[in-house]
1. Multiply the residue gap between E7 and A407 by 0.36 nm, knock off their C-alpha separation, and tell me the result in nm, one decimal place.
2. Starting at 0 and stepping by 5 Å, how many percent of the alpha carbon pairs of the range 81-330 end up in each bin?
3. Test of understanding: what is the full-extension gain from A174 to S424, defined as 0.36 nm times their sequence separation minus their Cα-Cα distance?
4. How many percent of the accessible area of the range 362-440 is carbon or sulfur, using a 1.4 Å probe?
5. At 1.4 Å probe size, put Y167, Y48, Y38, Y301 in order of accessible surface, largest to smallest.
6. Give K11/K203; K11/K165; K10/K203; K335/K395; K303/K395 a once-over and call out the pairs whose C-alpha atoms are over 28 Å from each other.
7. What residue among S135, S405, S296 shows peak mean-square fluctuation when the chain is described by a Gaussian network model with Cα springs under 10 Å?
8. Identify the residues of the range 324-343 with backbone N under 13 Å of a label point that sits 7 angstrom from the Cα of D265 along the Cα-to-Cβ direction, or state none.
Amino acid sequence: MALLPAELIKKKRAGLEHTREELQFLVGEFVSGALPEYQMSAWLMAVYFKGMTSRETAMLTEVMLHSGRVLDFSRARSLAVDKHSTGGVGDKTSMILAPIAAAAGVTVPMIAGRGLGHTGGTLDKLEAIPGFSVSLTLDQFEKQVSSLGVSIIGQTAEICPADKKIYALRDVTATVESLPLICASIMSKKIAEGIGALVLDVKFGSGAFMKTVEQADELATKLMEIGAAHGKKVASLLTNMEQPLGRFIGNSLEIGECVAILRGDEFMGRSDFEDCRDLSLQLAGHMIWLGGLARSADEGYAKAVATLEDGSAFRKFEDICRAQGGDLSALPLPKHAHDVVAPADGFVSAIDTEQIGYAALALGAGRLKSSDTLDLTSGIEIHRKLGEEVRKGEKLYTLFVRDASFAPKIADASARVLSATTISLQKPKLAALIAKSKIN
Ligand code: URA
């Protein structure tokens with residue numbers, strides 16, 4: 001009997017478990033274009049509300065993984081290891097840790113994503129570098145990984161096309177924060193890369209899809225189970241996203257911050273990027289360890305630091321840019337700035353980071369609908385982070401847009417960042433950046 005999309009949507013709406021054949025049908029028809037977006041959106045929303053069993057999640061991952069080619073880097077110079085983040089605001093660690101890990105000898109075939117919901121995406125950030133191509137053919141990707149040890153691209157029509165299409169639809173249909181959809185999305189594209197091991201940055205807090213550390217822990221466990229079922233070693237770091245990472249949000253601004261961290265110098269007059277630098281080093285340290293180039297995560301961390309200090313990580317980043325056509329020296333920067341000042345004296349005690357992400361989207365740094373084009377220069381500078389003191393009238397944020405013609409976007413973003421920031425007389429207790437790490 002032929003499968004009917006509306007029946008499958010109804011089945012999931014009733015909370016029932018799909019068969020492999022049904023999942024294969026839904027994903028296959030959507031990838032081929034036979035299943036329209038409105039039916040896929042309805043099904044995704046049903047999954048959002050009704051969830052999936054572990055068996056269904058594993059089957060969905062398999063079906064998505066085999067929607068394209070599965071690469072094999074088992075004969076590379078060293079074990080292939082990648083990192084994946086579940087998504088955050090100002091989360092720019094990929095551009096820092098990929099060259100660090102590669103400079104330390106790890107093979108890093110990275111297939112990254114675009115912005116999702118209120119979070120930014122590695123591909124959009126890299127495209128802020130004029131000429132940088134994230135659309136290499138798989139042949140070019142494999143060649144670059146074997147010559148440089150690293151390449152960063154997006155899903156192609158050949159590799160995990162199912163995730164590429166479903167991810168773009170979830171981004172604009174409020175169906176991102178679903179455990180089974182996140183698991184299948186991340187693990188299908190990561191396993192398709194041909195990695196031997198994976199480091200996961202599972203974020204929790206006001207700027208993450210998982211709001212509590214318990215939810216992040218549950219997600220990490222599920223992701224690690226899928227990894228183990230495919231013979232992959234997976235380490236998970238549960239990391240705090242109660243505030244944006246680093247000092248800048250927005251595509252070209254974040255590249256500027258990454259370059260400053262890699263070179264050990266300044267961007268737009270500041271170098272206080274400790275949280276972003278340290279998290280990048282911790283994640284890279286775990287990659288170096290899982291890649292077999294250090295005996296522990298601590299030794300991996302020390303090796304990661306050495307690549308920053310001897311300049312090899314920055315040189316590797318320059319190599320990546322050159323190989324993928326990017327001209328770092330032409331990085332565009334915004335021409336119009338607007339300061340948002342503190343309404344009272346006190347300490348920044350809470351930040352609704354999701355709202356800060358939406359403010360960056362409102363400025364043009366992310367997509368409100370899938371056809372939107374980005375203003376790659378727009379974004380936000382964070383002058384006061386959690387626990388930092390501020391006086392009434394001092395700068396809390398600077399909002400950036402390409403030029404004055406984009407200024408109308410600023411009113412909404414100003415209101416959002418102000419209402420997202422709590423200032424209290426009492427200095428808040430700060431939580432650790434990394435709450436927990438575990439390995440399968
Ligand atoms: N990152 C992904 O790649 N997919 C998701 O669904 C969420 C975060």
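The values are calculated or read from the model by the stated rules, or taken from the named source; none is laboratory data. Note that the structure is predicted; figures quoted are calculated from it, not measured. All Cβ positions, even for glycine, are placed from backbone atoms using ideal geometry, and neighbour counts span all protein chains on display. When the accessible area is computed, the model is the full protein with side chains, heavy atoms only, and any ligands, DNA or RNA have been set aside. Shrake-Rupley method; radii C 1.70, N 1.55, O 1.52, S 1.80 Å.
1. On the way: separation 400, 0.36 × 400 = 144.00 nm, distance 4.76 nm.
Result for the pair: 139.2 nm of gain on full extension.
2. Final binned percentages: 1, 7, 15, 19, 22, 19, 12, 5, 1, 0.
3. Numbers: separation 250, 0.36 × 250 = 90.00 nm, distance 3.23 nm.
Going from the current span to full extension adds 86.8 nm.
4. Numbers: 2240 of 4180 Å².
Carbon and sulfur: 54 percent of the exposed surface of the range 362-440.
5. Details: Y167 35, Y48 85, Y38 170, Y301 60 Å².
Accessible-area ranking of Y167, Y48, Y38, Y301, largest first: Y38, Y48, Y301, Y167.
6. Numbers: K11/K203 32 Å; K11/K165 22 Å; K10/K203 32 Å; K335/K395 18 Å; K303/K395 37 Å.
Pairs exceeding 28 Å: K11/K203; K10/K203; K303/K395.
7. Comparing S135, S405, S296 in the GNM, the peak value goes to S405.
8. Counting backbone N atoms under 13 Å from the label point, the list is 329.
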